[in-house]
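Colleague: Sharing a structure here in structure tokens format.
Nothing in this text is a laboratory measurement; each read-out follows from the coordinates by a stated rule. Here the structure is a predicted model, which means the values were calculated and not measured. Every residue, glycine as well, gets a Cβ built from its backbone with ideal geometry; the counts of neighbours run over all protein chains shown.
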């Protein structure tokens, strides 16, 4: 449940707006308990006007454009708006309520309109273009030149070169897209909040391990149903249920609810919204001179073109499909051996895969969970950061938080120098959208002093019952490492200009720091120290370490197919040159049939709830796979050194990847670290598809 802040709907008129006042909290963190939903609209009003005035002053200057009076002034502008927006959008993702959602519906189109007005400001663009044309003669250092080039490119890609009519239409499109995107995400959350399954009695609980029963009992207690057990649509609840429940009918019911988010009919159905979004994106691409939105989106990535993305997918998909078919045959054989005569369905896969893994490797996921207590996995992730990058995480109880579940750590160098503030928000709750992500409340930059970042990691882990530890699946533990990898990309950022800082890198490069960090979780050096049994405190035995390593590529056909299918849906959707009249269901079915999608596997994200592509990953969901080529190759550098914590390799990694933001071209940054471009062989080997 949200803290008391979430129940207030209007700002108190007798006090200053806390979003606009100086923050006198430790590390100048947001004073969450003082902020009410009603504070946001007036704060946005003030911040938007301030930013408009700043932009007008820059674009209206009569003096010749200089780097100082144009680019630096632009980088410094909007500080108040960023301060308000970062708090607001973090809360609407992680701890929302009806009042915040109402403000979000109001503000999303206003903010999009404001952003378009800046990027399509003709006078401002002409100043930037003048500097860009003279860039070789300005005496700029490498980072200053990079920010000038990226700023110019951003304005051109936004349509600043187009005529007034086209610029006006582009602004209208962005405003409508913001409204539609907000509605889409709120609909998915509403469907997730609306469904749960109550398990009543031992028959309903058949097959579920004790640790999962405890978390399901806690979920039911939080719903006011003590003594029962509840399954929700948080991934950490529904996926383990599909993995362990012996009740095939209940597995199907949970699976249907999970895959049908956003397409249940009524006011939360997203299919018409999808059609309108794709129609507008296609129109936007045409206005900007591209045949499709995919061509437009990919022009500013490492991949550059849809053809390059296809080239990668064409290497991965056939190998994944072959492996998935082998896995399916093994699961059907397992089911027949148990006396079942049905073909494996999508709601059966995880259940029989768990049985097959146990039979083949003597590896029981429930046994593994007993060694992966949340606090210990956190300690492992922090310790790894210390070994690689020389930092420590010191928990603080004096830092304000937005929900009682949230914890805060000051991050420091081992010499005691402040690096940043880190929030961890790990438990599932109805006020939080599902999934896991990293975000920030403050961006690192050195333009206005040594401003250090405030970073947050959010997950949706099922909480243990009172008095019992919260246990993670190995996938949950990997996700925790993944998100801290993003977090470290933010915390270690060391650049001058805000627009180049932290994770402001190309979409298909941003997953490299996070996916690379996952590798350390699986290392025996880490598991021996931190994988401690929740009851006995004993370390994970060598037997289990060996079993985990042996089973490392188990079920990778399934996992690669479900991910790559979503990637192909995303790409094909954004390759439409005209989406008018699109039938979302028929389109999805046609694409999946064309690629030979096994009936027993569902895409990881189906179109009506595919929030990645409504947000920042439009035509870019392939990025995880693209980055995985680099992360497998990058971790090999540590293995080749003979020490997975090799200091020299870690220093190069920090300098060129984690701390560098967008100071240089992404491929150049990778080559500066690795000494050569990445090679795909490592990806196929990592997934057992070679």
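Colleague: Antiparallel as a % of all DSSP beta bridges within the chain, to the nearest 5?
Modeller: In the chain, approximately 75 percent of DSSP beta bridges are antiparallel ones.
Colleague: Order of 224-232, 488-496 by packing, highest average Cβ count within 10 Å first?
Modeller: Top of the packing list down: 488-496, 224-232.
Colleague: Given 0.36 nm per residue, what is the gain on full extension from residue 418 to residue 667 after removing their alpha carbon distance, in nm?
Modeller: Going from the current span to full extension adds 86.6 nm.
Colleague: Taking the Cα atoms only, what angle lies between the long axis of helix 306-337 and the longest principal axis of the chain, rounded to 10 degrees?
Modeller: 20 degrees
Colleague: Using the alpha carbon gyration tensor of region 304-389, what are the three equivalent-ellipsoid semi-axes (square root of 5 times each eigenvalue), largest first, in whole Å?
Modeller: Semi-axes, largest first: 32, 28, 10 Å.
Colleague: Another question, if that's okay. Report the calculated FRET efficiency for residue 397 and residue 200 (r = Cβ-Cβ distance, R0 = 41 Å), to the nearest 0.05.
Modeller: My answer for the efficiency is 0.55.
Colleague: Quick check: from the Cα gyration tensor, does region 567-640 come out rounded (a/c under 1.5), prolate or oblate?
Modeller: It is prolate, given that a/c is not under 1.5 and a/b is the larger ratio.
Colleague: Given R₀ = 41 Å, FRET efficiency for residue 102-residue 338 by Cβ-Cβ distance, to 0.05?
Modeller: Computed FRET efficiency for residue 102 and residue 338: 0.20.
Colleague: Quick one: length gained pulling residue 135 to residue 210 fully straight, 0.36 nm per residue minus the C-alpha distance?
Modeller: Extra length from residue 135 to residue 210 when fully extended: 20.5 nm.
Colleague: OK, next. What is the distance in Å between the Cα centres of region 299-325 and region 402-461?
Modeller: About 33 Å separates the Cα centre of region 299-325 from the one of region 402-461.
Colleague: How many nm separate the modelled label positions at residue 361 and residue 549, each set 7 Å beyond the Cα in the direction of the Cβ?
Modeller: 1.3 nm
Colleague: For region 163-229, what D do you get in µm² per second when you plug the Kirkwood radius from alpha-carbon pairs into Stokes-Einstein at 20 °C and 1.002 mPa s?
Modeller: 138 µm²/s
Colleague: For the ranges 64-70, 22-28, what's the packing order if you count other beta-carbon atoms within 10 Å of each residue, average per peptide, and put the highest first?
Modeller: Descending mean neighbour count gives 64-70, 22-28.
Colleague: To the nearest Å, what is the center-to-center distance of region 218-232 and region 477-502, using C-alpha atoms only?
Modeller: Rounded to whole Å, the Cα centres lie 36 Å apart.
Colleague: Still on this structure, I have one more. For the residue pair residue 246 and residue 307, what label-to-label distance in nm results when each label sits 7 Å from Cα along the Cα-to-beta-carbon direction?
Modeller: Roughly 5.7 nm, to one decimal.
Colleague: Set the Förster distance to 56 Å, then compute FRET efficiency between residue 648 and residue 190 from the Cβ-Cβ distance, nearest 0.05.
Modeller: Between residue 648 and residue 190 the formula returns 0.65.
Colleague: Okay, next question. Modelled label-to-label distance, residue 56 and residue 267, 7 Å Cα→beta-carbon offset: nm?
Modeller: Here the answer is 3.8 nm between the modelled labels.
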